[in-house]
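Q: Sharing a structure with you now.
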Amino acid sequence: MPRFRNWFQRHRLLSFFGLSYAISWSSWPVYAVGMMPRMEFLPVGPLAAAVIVIGLAEGRAGYRTWGRRLIRWRVHWAWYAVALLFPALLVLVTGSLNIVFGAAAPGLSQLTWSGLLMVFGVRLINPMDGPLGEEPGFRGYAVPLLQAARTPLLSATLLGVAVAFWHLPLIIFGGLSIIGLPITFVITFLYVWLFNRTGGSVLLTLLFHNSQGTFTMGSYGFTGSDLTRAEVIYLAVVTAAVLGTVLLDRPAWRTAPREATDVGPLPVRSGRSVPGPPAP
């Protein structure tokens, strides 16, 4: 058991991503041999992986550090506006451009505030949905480990690749279009930027993710080639937003705040502790 724990302590990032994939993809082999009627992708993988790895590698101190990031709410009100409204703005710009380019859409008249709020509320507390399933793990645990030894820009790049590939079963089994992979990669930079600018607040990235999934291209009713074009436009719009943060907020991509890199001490068998991660 000590040797097992030591391995997890030395390979926390590898352990986290390995478990995230294994849990989320767990029904894939069962489906492949015909024992399930369809492949069930489990978004709870990153959340469950973080809980397991912290317990094995860091213990109570790790849970306290992680927990503070999960509930960090004391940030400027403007960042709440960014988290809630920026994803909707990206969709509004995309939808408007798509209509300018000739898309036929029923419009947004079918949407209601009560309907949007209900969807937002359910997604916010459902661990089997993307926001709560992903954010505590990908942003709350993996980003601080990545940034402990890397710049935010490099950390976002590595995380973007890992998160995009994590969605691969959704592409294969029709739950996400192929362009969803580059979109996922690019928008990861916005998540990391928001996480760092709010002092490592998972709560704010959770709100951002929830807003992104509540008001979507589907809200416009695009279909067929119009929907395909909308996804391409959305990729371009998100890429422009990321480039805007890189060009206009360069310090944010050079150094992460301590709150977004502090992963807590690692317990050792002697009863003492060693600070930080010597090798994420």
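The values are calculated or read from the model by the stated rules, or taken from the named source; none is laboratory data. It should be emphasised that the depicted structure is a prediction, and the values quoted were computed from it without experimental measurement. Positions of Cβ are backbone-derived with ideal geometry, glycine not excepted, and every protein chain shown enters the neighbour counts.
Q: Got a number for residues in region 1-24 being surrounded by fewer than 17 Cβ atoms within 10 Å (Cβ to Cβ) and either under 16 Å from V163 (Cβ atoms) or in contact with a Cys (Cβ under 9 Å, 6 or more places away or on another chain) (or both)?
A: 3
Q: Only one residue in G180, G200 is under 27 Å from L116 (Cβ atoms), under 15 Å from the mean Cα position of the chain (by Cα) and not aliphatic (A, V, I, L, M), so which one is that?
A: G180
Q: Keeping to region 106-154, report how many residues are farther than 18 Å from F17 by Cβ and either of a type outside the set (A, V, I, L, M, F, W, C) or at pLDDT 95 or above (or both). Outline the logic, then answer.
A: Filtering region 106-154 down to residues farther than 18 Å from F17 by Cβ leaves 106-129, 131-132, 151-153.
Then drop every residue that is not either of a type outside the set (A, V, I, L, M, F, W, C) or at pLDDT 95 or above (or both), which leaves 106-107, 109-110, 112, 114-115, 121, 123, 126-127, 129, 131, 151-153.
Selection size over region 106-154: 16.
Q: Of these, G34, G59, G95, G55, which one is at pLDDT below 95 and under 30 Å from A240 (Cβ atoms)?
A: Numbers: G34 fails: under 30 Å from A240 (Cβ atoms); G59 fails: under 30 Å from A240 (Cβ atoms); G55 fails: under 30 Å from A240 (Cβ atoms).
Result: G95 is the single residue among G34, G59, G95, G55 that is at pLDDT below 95 and under 30 Å from A240 (Cβ atoms).
Q: Of W73, W77, W25, which residue is touching a helix residue (DSSP H, G or I) at 6+ places or on another chain (Cβ under 8 Å), more than 26 Å from F173 (Cβ to Cβ) and modelled with pLDDT of 90 or more?
A: Residue meeting the stated conditions: W73.
Q: Under the condition of being among the hydrophobic types (A, V, I, L, M, F, W, C) and touching a helix residue (DSSP H, G or I) at 6+ places or on another chain (Cβ under 6 Å), which residue from region 226-245 is modelled with the lowest pLDDT?
A: Going through the qualifying residues, I end up with A230.
Q: Something else: Go through region 153-177 and report how many residues are surrounded by 14 or more Cβ atoms within 10 Å (Cβ to Cβ), closer than 12 Å to F189 by Cα and more than 15 Å from the chain's Cα centre (by Cα).
A: Summing the residues that are surrounded by 14 or more Cβ atoms within 10 Å (Cβ to Cβ), closer than 12 Å to F189 by Cα and more than 15 Å from the chain's Cα centre (by Cα) in region 153-177 gives 1.
Q: If you don't mind, another one. Please state which of the following conditions V263 fails to meet, knowing it meets all the rest: (1) aliphatic (A, V, I, L, M); (2) outside any loop (DSSP other than H, G, I, E, B); (3) at pLDDT below 95.
A: Against the list (1) aliphatic (A, V, I, L, M); (2) outside any loop (DSSP other than H, G, I, E, B); (3) at pLDDT below 95, V263 comes up short only on (2).
Q: Given the condition assigned to a helix (DSSP H, G or I), among the polar types (S, T, N, Q) and surrounded by fewer than 19 Cβ atoms within 10 Å (Cβ to Cβ), answer yes or no: does some residue in region 202-215 qualify? Steps first, answer last, please.
A: Our first condition is that a residue be assigned to a helix (DSSP H, G or I); within region 202-215, this holds for 202-214.
Those left that are additionally among the polar types (S, T, N, Q): 205, 210-212, 214.
Keeping just the survivors that are surrounded by fewer than 19 Cβ atoms within 10 Å (Cβ to Cβ) gives none.
No: region 202-215 contains no residue that is assigned to a helix (DSSP H, G or I), among the polar types (S, T, N, Q) and surrounded by fewer than 19 Cβ atoms within 10 Å (Cβ to Cβ).
Q: Now a separate question. Could you say which residue among R38, R64, R3 is part of a helix (DSSP H, G or I), in contact (Cβ under 8 Å) with a residue 24 or more places away in the chain and of a type in the set (D, E, K, R)?
A: R64
Q: Given the options V82, V122, V93, V100, name the one that is out of contact with any strand residue (DSSP E or B) (no Cβ under 8 Å at 6 or more places or on another chain), surrounded by 15 or more Cβ atoms within 10 Å (Cβ to Cβ) and farther than 16 Å from S219 by Cα. Write out each step before concluding.
A: Working: V122 fails: surrounded by 15 or more Cβ atoms within 10 Å (Cβ to Cβ); V93 fails: farther than 16 Å from S219 by Cα; V100 fails: surrounded by 15 or more Cβ atoms within 10 Å (Cβ to Cβ).
Just a single option satisfies the conditions, and that option is V82.
Q: With the condition being of a type in the set (A, V, I, L, M, F, W, C) and closer than 28 Å to A236 by Cβ, I'd like the helices (runs of 4 or more DSSP H) fully within region 68-174 carrying at least 1 qualifying residues.
A: Fully inside region 68-174 and qualifying: 77-100, 113-125, 143-147, 152-166, 168-172.
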